[in-house]
1. Pairing the Cα long axis of helix 33-46 with the longest principal axis of the chain, what angle in degrees results, from 0 to 90 and rounded to the nearest 10?
2. Please build a GNM for the chain, connecting alpha carbons under 10 Å apart, and tell me which residue among Leu58, Leu49, Leu41 fluctuates the most.
3. With a 1.4 Å probe and every protein chain kept in, tell me what percent of the accessible surface of the chain is carbon plus sulfur.
4. Evaluate the relative contact order of the chain (contact order divided by residue number), counting alpha-carbon pairs under 8 angstrom at least 6 apart; express in whole percent.
5. For the chain, set up a GNM with springs between Cα atoms under 10 Å and report which of Glu64, Glu54, Glu38 has the largest fluctuation.
6. Going by a ≥ b ≥ c, the root eigenvalues of the Cα gyration tensor, does region 39-80 fall in the rounded group (a/c under 1.5), the prolate group (a/b larger than b/c) or the oblate group?
7. Tell me the volume per residue, in Å³, of the convex hull enclosing the alpha carbons of the chain.
Amino acid sequence: MNATLSENDRLEITQKAKKAFERGRKLYAEKKYAEALEPYLYAFDNGHLVPGWEGVRLSYIPAEIAQLAEHHPPAREALQ
């Protein structure tokens, strides 16, 4: 699928992934745990398209989802 994405599509997904990650963090800080999971998952699922995000996608996002799982058990299932 990645090979079929246009450069504009990649840029759009990159921006959405970055915004989703920040939204997940914001919702978590606001204790809106159920709402925070979806943006975190979007950021993880699409983070491979964001240049320089290898560490963010494979370390920060899963760690924050694990932290979220302490308050919202479906996040634990999402990690598996």
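The values are calculated or read from the model by the stated rules, or taken from the named source; none is laboratory data. Fair warning: this is a prediction, and the values are worked out from it, not measured in the lab. Side chains included, ligands, DNA and RNA excluded: accessible areas come from the protein's heavy atoms. Shrake-Rupley method; radii C 1.70, N 1.55, O 1.52, S 1.80 Å.
1. Orientation of helix 33-46: about 30 degrees from the principal axis.
2. It is Leu58.
3. Working: 2730 of 5240 Å².
Ligands and nucleic acids excluded, carbon and sulfur give 52 percent.
4. Working: 72 pairs, mean separation 20.3, N = 80.
Relative contact order comes out at 25 percent.
5. For the chain, modelled as a Gaussian network with Cα springs under 10 Å, the answer is Glu54.
6. On the way: a/c = 2.91, a/b = 2.10, b/c = 1.39.
It comes out prolate by the Cα gyration axes.
7. Values: hull volume 6.7 nm³, N = 80.
Hull volume over Cα atoms, normalised by residue count, gives 83 Å³.
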